[in-house]
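Here is the structure we will look at.
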């Protein structure tokens, strides 16, 4: 079956015509657009269909935001998306809108070993619950449970729960963010903007001076990308420390989610940031924070943890969902 699939984030919107069978899945045609280049999703869908020159009978769009009864108000875009209205505007009667981590959940089953980097081997349990977490423009979470015949995918907005500081530095960061936003969620820390916030907080509080070269780079490039670049190179103390805090918080919240779901089937780290920082996710800080769970630390050490390297998991998952 050929379907239209979309992976709609706060920064980029990807669309593809995808051929889906029981045993294979193949992208036939793809385009990417800046999400902010249109006042809503429908104009981007119409643009893509015009460029693709084809309109299949089914479509599904994974979108970053809470979806209730086919409707979504996106937290990182000024959009309101309705599956019913989108079907009418696109001309594709069978159109679904799902949470982006719903889409990632449908895509997990189509991944190959080459699509993954293992952070913690753990002791996987066949058909055990699976947790999904991923930082990018925002922080997404989701999970899968086995119903006796197949995995069922469930959306979550766990990225917006209260950020739990663990030490004096994180408490200071939390208080600064509280003054700025009034509510401090994990997404305020575990996202591209969150990484930049950690860096700025460390600079303001005097952990290390900001290098003029880095400041200049941030004027012409995304600050999170600059921090990531220097953290991986190890040539900027401020960037290295910011990334270490980011990775530790990431591990801690991933461990929280794993314990909440008893994710014996594994924890999968998705999102745009993780594939870029695999060396940092595998240097021990992530796992240490993931497993630092007091009396249940031994249990946390049994959960397998993998980074999803494929950038297509959400797109392919939306395509799978369109066939259901």
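Numerical summary
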read-out	value
DSSP beta bridges in the chain [antiparallel fraction, %, rounded to 5]	65 percent
Whether region 250-324 is rounded, prolate or oblate, judged on the alpha carbon gyration tensor where a/c under 1.5 counts as rounded	oblate
Cα-based convex hull volume of region 122-303 per residue, rounded to whole Å³	115 Å³
Most to least packed among 163-172, 315-324 [average Cβ atoms within 10 Å]	315-324, 163-172
DSSP beta bridges in region 122-303 [antiparallel fraction, %, rounded to 5]	70 percent
Highest average packing first - 222-235, 252-265, Cβ atoms within 10 Å	252-265, 222-235
Residues of region 161-182 with amide N under 16 Å of the 7 Å Cα→Cβ point at residue 207	165-177
Whole-percent pair-distance distribution, where bins are 5 Å wide, for the alpha carbons of region 74-206	2, 8, 13, 16, 15, 14, 13, 10, 6, 2, 1, 0
FRET efficiency for residue 19 and residue 118, using Cβ-Cβ distance with R0 set to 22 Å, rounded to 0.05	0.15
All Cα pairs of region 64-131, percent lying beyond 18 Å	56 percent
Relative contact order, percent, region 179-302 [alpha-carbon distance under 8 Å, six or more residues apart]	23 percent
The chain, relative contact order in percent, only Cα pairs under 8 angstrom and at least six apart counted	23 percent
The chain - Rg over Rh from alpha carbon coordinates, Kirkwood radius	0.98
Protection proxy ranking of 268-276, 45-53, 61-69 - average other beta-carbon atoms within 10 Å, highest first	268-276, 61-69, 45-53
For q = 0.13, 0.15, 0.24 Å⁻¹, Debye-computed log10 I/I(0) when each Cα of region 131-187 counts as one equal scatterer	-0.45, -0.55, -0.95
Within the chain, helix-based [θ] at 222 nm, where runs of 4 or more DSSP H residues each add -39,500 (n - 2.57), nearest 500	-11500 deg cm²/dmol
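Just so you know, all these numbers are worked out from the coordinates, no wet-lab data involved. What you see is a predicted model; the values in this text were computed from it and never measured. Counting neighbours? That spans all protein chains shown, and the Cβs are built from the backbone with ideal geometry, glycine included.
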